[in-house]
Amino acid sequence: MKRPETKTPRRHSRHKRRVINKKRLLLSVFLLVIGIQVLFVLLTSPTFAVKKVKVIQNQTISDRQVLQALRLRKDANIFRIKEQSVLVDVRRNPVVQEASLHRRIPSTLIVTISERKPQFVLNSSGALYEVDLSGIPFRVEKTLDPKLPVIECQVRKRIILGRPIKDSDFAAARECLLLAQAKKVFSGIRITVDQKSYVCLNNGDDFQVKLGRPEQLARKLDVAEQVIQQSPEFQKRGAYIDVTCPEAPAYKLKE
């Protein structure tokens, strides 16, 4: 009599794996189909069309200016929007240091504006420019802001808002300003550079620090600081300090 066939443990294990793999494949296909359907709804449904744009953290630029600069198609899908393309004209505004885009589902865009802040005013041939910490001019002004330091020098090349100024006299004056601002003895700073590229620091209306050629500016200002600290009365009676030659500083009192 012939004995009935029985599956060996190995054959049974193979069969079980095939069943599991088949189920996994069916599940993957099902999830893929569901995912495609969800994606289709997200990218085409009117629910996700942009209906509101909110501008935040802007101080001097108006909401209207930002909205007009946005490259945003009417009823654009909120998931299809590419930040780099939409904000390209907003970022071209010289006052804008950075702009970013955030989505608030289902239909609101939030544009965050970071504006440049003036560190000083540049007076070049009578034209006044607000300049930020990076040395980038971003706004033209008609009058001086008494709260801001001033740099007076003639920039030889055309000044373009939003772009760095490439000029040796300007670079020297800016370096001098940064060094002077780090010291406590100077206030109401106005830096001037003449046609010979000689640098002079004007400390309010009190006195001048004649620095001469723009070499060893840090050392020259250190010497000027020492003179002021060693002679407190100089802050009231001083006319100028000449540190053109830092090894032999000279100063004069007001008559």
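5 Å is the cut-off here: which amide hydrogens, built 1.01 Å from N in the peptide plane, fall below it relative to R139, excluding neighbours closer than 5 in sequence?
The list, which skips near neighbours in sequence, is E130.
With a cut-off of 8 Å between alpha carbons and a minimum separation of six or more residues, what is the relative contact order of the range 48-115 in percent? The partial results should precede the final answer.
Values: 113 pairs, mean separation 30.5, N = 68.
Computed over the range 48-115, the figure is 45 percent.
Using each residue's phi in the range 192-200, evaluate 6.51 cos²θ - 1.76 cosθ + 1.60 at θ = phi - 60° and report the 3J(HN,Hα) Karplus result to the nearest Hz, with x for Gly and Pro.
10, 10, 8, 5, 8, 6, 7, 9, 9
Residues with amide H under 5 Å of G212's amide H, sequence separation 5 or more or different chain, H placed in the peptide plane at 1.01 Å from N; which?
V199
Would you mind checking which residues have amide H under 5 Å from A127's amide H? H placed 1.01 Å from N; only 5 or more apart, or other chain.
For A127, whose amide H was placed from the backbone, there are no distant partners under 5 Å.
Of the peptides 134-143, 240-249, how do they stack up when ordered by the mean number of other Cβ atoms within 10 Å, highest first?
Numbers: 134-143: 15.1, 240-249: 16.8.
Descending packing order for the listed peptides: 240-249, 134-143.
Determine ³J(HN,Hα), in whole Hz, for all residues of the range 58-72 in sequence, where each value follows from phi through the Karplus function 6.51 cos²θ - 1.76 cosθ + 1.60 and θ = phi - 60°; x replaces Gly and Pro.
7, 10, 9, 7, 7, 4, 4, 4, 5, 5, 5, 7, 5, 8, 10
Counting only Cα atoms, I'd like the Rg/Rh figure for the range 152-255, Kirkwood definition for Rh. All intermediate terms of the calculation are to be shown ahead of the outcome.
On the way: Rg = 14.1 Å, Rh = 14.1 Å.
Ratio of gyration radius to Kirkwood radius: 1.00.
Each residue of the range 165-178 in order: what ³J(HN,Hα) in whole Hz does its phi give by Karplus 6.51 cos²θ - 1.76 cosθ + 1.60, θ = phi - 60°, with x for Gly and Pro?
Result, rounded to whole Hz: 8, 9, 8, 5, 5, 4, 4, 5, 5, 5, 4, 4, 4, 4.
Between their Cα atoms, which of K157/K196; K142/K196; K51/K74; K117/K210; K210/K254; K117/K196 are more than 20 Å away from each other?
Values: K157/K196 17 Å; K142/K196 27 Å; K51/K74 9 Å; K117/K210 29 Å; K210/K254 15 Å; K117/K196 31 Å.
Among K157/K196; K142/K196; K51/K74; K117/K210; K210/K254; K117/K196, the Cα-Cα distance tops 20 Å for K142/K196; K117/K210; K117/K196.
Taken together, the values in this text are just the output of simple stated rules run on the coordinates, not laboratory data. Note that the structure is a prediction, hence the values are computed from the model and not measured. Positions of Cβ are backbone-derived with ideal geometry, glycine not excepted, and every protein chain shown enters the neighbour counts.
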